[in-house]
Amino acid sequence: MFSGAGGLDLGFELTNRFETLVAIEYEKQFAETLRKNKSNGYLSNASIVEEDIRGLTPQFISSKYFGDRCIDGIIGGPPCEAFSVFGSRKGLDDPRGMLIFEFIRWVKEIQPRFALMENVPPLMTIQDGAVINQINNELIDSGYFVDCKVLNAADF
């Protein structure tokens, strides 16, 4: 979900332990990049869905793309502009900030073995930590162990 150009998807696939079945991306230029990457041999088994996640249901995506396969994980990077120091910093008062809860909705409905959500470090402190606490609590209430931290990509 919120696949962007496919960096998270590709990273998971490069471990040779995961296969991207569906890459959902609403932004036209990102979806075009996904298609170009696919034509160049990356994410070769992924179906690219260029639609607004708010208009999709996990049931529709599952029936159309997953079949009877078990979904091990959901990964994604919901838009960060609402939280970023370079963005609006409006948090949940920005409609893009609310898209995080679309990610949570899908995790709750599909119940994969794991979920990984990527965002910006200010998400940890926006609105005095209320947003990250709400995210964590919703996942914990759904039976997930939550490990939330800021990582430096240079270390990986």
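Calculated FRET efficiency, residue 59 to residue 150, Cβ-Cβ distance, R0 = 25 Å: about 0.15 to the nearest 0.05.
Summarising the amide proton neighbourhood of residue 115: residues at separation of 5 or more, or on other chains, whose placed amide H is nearer than 5 Å comprise 74. What lysines could a cross-link reach from residue 90, if we take a straight Cα to Cα line under 22 Å and drop same-chain neighbours fewer than 8 places away? Cross-link targets: 149.
Rounded to the nearest 20, the Cβ-based charge dipole of the range 1-138 about its Cα centre (Lys and Arg +1, Asp and Glu -1) stands at 160 debye. Subtracting the Cα-Cα distance of residue 133 and residue 52 from their residue separation scaled by 0.36 nm leaves 26.6 nm.
Cβ-Cβ distance of residue 69 and residue 29, R₀ of 30 Å, FRET efficiency by 1/(1 + (r/R0)^6): the value works out to about 0.50. Taking amide H as placed 1.01 Å from N in the peptide plane, the amide H of residue 47 sits under 5 Å from that of 22, 23, each at least 5 places away or on another chain.
Please work out which option in (1) 48, 45, 31; (2) 46, 40, 24; (3) 42, 34, 32 gives Cα extents along the principal axes in Å calculated from these coordinates, and answer with its label. Read-out taken from this structure: (3). The apolar share of the surface of the chain, taken as the fraction of accessible area on carbon and sulfur atoms (1.4 Å probe, ligands and nucleic acids excluded), comes to 51 percent. The residues of the range 66-156 present an accessible area of 60 Å² per residue when probed at 1.4 Å with all protein chains retained.
The values are calculated or read from the model by the stated rules, or taken from the named source; none is laboratory data. Everything numeric in this text was worked out from a predicted model, so none of it was measured. Heads up, the Cβs are rebuilt from the backbone with ideal geometry, glycines too, and the neighbour counts pull from every protein chain shown. Note: accessible area is taken over every heavy atom of the protein model, side chains too, but ligands, DNA and RNA are not part of it. Shrake-Rupley method; radii C 1.70, N 1.55, O 1.52, S 1.80 Å.
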